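Take a look at the structure below.
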Amino acid sequence: MLKPLIGITSSVGKNGETVVGDAYIKAVLKSGGIPVVLPNLTNEEAIEKLAEKLDGLLVTGGGDIDPTLFNEEPHPGLGEITPDRDVFELAIIPKMLKADKPVLGICRGVQILSIATGGDMYQDVYSQITDRPLLQHQQKAPRGHASHYVTVENGSLLHRIIGLERFKVNSFHHQTVRRPGRGFRVSAVSSDGLVEAIESTEHRFAIGVQWHPECLLEAGDTSAAKLFAAFILGVSPPTR
C-alpha cells in the first residue's frame, strides 16, 4: 500500500538555500506519510503540477509575511519577509483546498492559510494589541515544552481530534491571525484571547495552529500525535 506524499513548505536561508526543520520531516514520517520538501517555486505551471502530485500539504513556520498581501503597510514591529515564499504558498494553498486535499498550517502556516483565503493578521501582537495584557508568546523554554493553555471550541474538528477542551501548547510567535479567511472559523484561543487555531467549514481537513506540534510530538505529546495522525489519515488515497 502506497503511503501518502506530503509536501512540506520551506523557508529561505540567508544565502538563498531551502531550509526545513527536521522536526517537520520526522513528524510526517512518524505519522505514516512520505515527506517531500518543497522549493519556493514561482512558476504557475510548475506549482500546478506539484499540487496535482501531492496528497497533502504541511505549511511550516518561519519568518514574517508581507503585509501588503492583506492591504496593510509594514508596521515597525514587522520582521524579515521572504517574498518568493509568500508567492509560492499563496499559489499552492488554494490549489490544494480546491482539490480538497488535507492542509495543516503551523505557526506562520496558520497565518498564510488565513491570508490565502481572504483573512488577515496582526503584524506584531505586542504593539498592535494594547487593550489587555498578553502572555509570553515567544517562550524562553525548550521547543518541546508546552508553556501556556489553549481553549478549543466544543464540537470543532480540532476538538474531535484532540478530545480535550483545554490543553497546553508551546509558543514561538509575534504575529497571529486576526480574522480568518472565507470558509474558516476560529477553533481555539489562548487565555489572552489570541487566535490559536482555525479550521475550514468546507473541507475534509484544513486546520491551522499557532503552536508547533511537530516539536511537541518529538517530546511525546499525545495531543500533537493525534493532530498529525488525523492529518495523515485525512489524506486522499494515493493515485500514483
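The values are calculated or read from the model by the stated rules, or taken from the named source; none is laboratory data. The shown structure was predicted, so the numbers you read here are calculated from the model rather than taken from an experiment. So basically every Cβ, Gly included, is an ideal-geometry build from the backbone, and we count neighbours across all protein chains shown.
Run down 37, 28 and say which single residue is of a type outside the set (Lys, Arg) and within 19 Å of residue 229 (Cβ to Cβ). Step through it out loud before you land on a result.
Working: 37 fails: within 19 Å of residue 229 (Cβ to Cβ).
Step by step, each of 37, 28 is checked, and only 28 is of a type outside the set (Lys, Arg) and within 19 Å of residue 229 (Cβ to Cβ).
Within segment 120-136, track down each residue that is over 23 Å from residue 214 (Cβ atoms) and either touching a residue at least 60 places away in the same chain (Cβ under 8 Å) or in a loop (DSSP other than H, G, I, E, B) (or both).
123, 124, 129, 130, 131, 132, 133, 134
Please determine, by comparing only the residues of segment 111-138 that are under 18 Å from the mean Cα position of the chain (by Cα) and acidic (Asp, Glu), which one is farthest from residue 206 (Cα to Cα).
Looking at residues that are under 18 Å from the mean Cα position of the chain (by Cα) and acidic (Asp, Glu), I get 124.
Write out, first by first residue and then by second, each pair whose Cβ atoms fall under 6 Å of each other, whose residues are 6+ apart or on separate chains, and whose first residue, in segment 1-28, is over 22 Å from residue 51 (Cβ atoms) while the second is outside any loop (DSSP other than H, G, I, E, B).
Every condition considered, the pairs that remain are 13/19; 23/214; 23/215; 23/218.
Where in segment 1-108 are there strands (runs of 3 or more DSSP E), lying fully within it, with 2 or more residues that are surrounded by 22 or more Cβ atoms within 10 Å (Cβ to Cβ)?
Once the strands (runs of 3 or more DSSP E) in segment 1-108 are filtered for at least 2 residues that are surrounded by 22 or more Cβ atoms within 10 Å (Cβ to Cβ), what remains is 5-8, 56-59, 103-106.
Can you run down the residue pairs with Cβ atoms below 9 Å, 6 or more apart or on separate chains, where the first is in segment 87-107 and free of Cβ contacts under 8 Å to residues at least 24 places away in the same chain and the partner is in a loop (DSSP other than H, G, I, E, B) and among the β-branched types (Val, Ile, Thr)?
Between residues of segment 87-107 that are free of Cβ contacts under 8 Å to residues at least 24 places away in the same chain and residues that are in a loop (DSSP other than H, G, I, E, B) and among the β-branched types (Val, Ile, Thr), the close pairs are 94/117.
Which residues, taken from segment 46-70, are touching a helix residue (DSSP H, G or I) at 6+ places or on another chain (Cβ under 7 Å), within 12 Å of residue 82 (Cβ to Cβ) and among the acidic types (Asp, Glu)?
66
If residue 195 satisfies every condition in (1) surrounded by fewer than 20 Cβ atoms within 10 Å (Cβ to Cβ); (2) closer than 27 Å to residue 147 by Cβ but one, which is the exception?
Just one mismatch for residue 195, condition (1).
Show the residue pairs that are 6+ apart or on different chains and have beta-carbon atoms under 6 Å apart, the first residue being within segment 153-169 and over 12 Å from residue 230 (Cβ atoms), the second being modelled with pLDDT of 95 or more and aliphatic (A, V, I, L, M).
Close Cβ pairs satisfying both conditions: 165/152; 169/150.
Pick out, from segment 181-240, the strands (runs of 3 or more DSSP E) lying fully within it that include 2 or more residues that are closer than 20 Å to residue 23 by Cβ.
Values: elements: 184-190, 195-200, 206-209.
Here the list reads 195-200, 206-209.
Being at pLDDT below 95 and not aliphatic (A, V, I, L, M) is true for just one of 42, 68. Which residue is that?
Values: 68 fails: at pLDDT below 95.
On inspection, the qualifying residue turns out to be 42.
Determine whether residue 141 is surrounded by fewer than 15 Cβ atoms within 10 Å (Cβ to Cβ), hydrophobic (A, V, I, L, M, F, W, C) and in contact (Cβ under 8 Å) with a residue 24 or more places away in the chain.
yes
When the residues of segment 165-192 are narrowed to those that are among the small types (Gly, Ala, Ser) and over 12 Å from residue 110 (Cβ atoms), which ends up surrounded by the fewest Cβ atoms within 10 Å (Cβ to Cβ)?
Ranking the candidates gives 191 first.
Test residue 105 against the criterion of being at pLDDT 95 or above, of a type in the set (Gly, Ala, Ser) and more than 26 Å from residue 29 (Cβ to Cβ), and give yes or no.
No; evaluated as a whole, the condition is false for this residue.
Quick check on segment 145-164. Is at least one of its residues closer than 12 Å to residue 111 by Cα, surrounded by fewer than 23 Cβ atoms within 10 Å (Cβ to Cβ), at pLDDT 95 or above and in contact with an Asp or Glu (Cβ under 6 Å, 6 or more places away or on another chain)?
Within segment 145-164, not a single residue is closer than 12 Å to residue 111 by Cα, surrounded by fewer than 23 Cβ atoms within 10 Å (Cβ to Cβ), at pLDDT 95 or above and in contact with an Asp or Glu (Cβ under 6 Å, 6 or more places away or on another chain).
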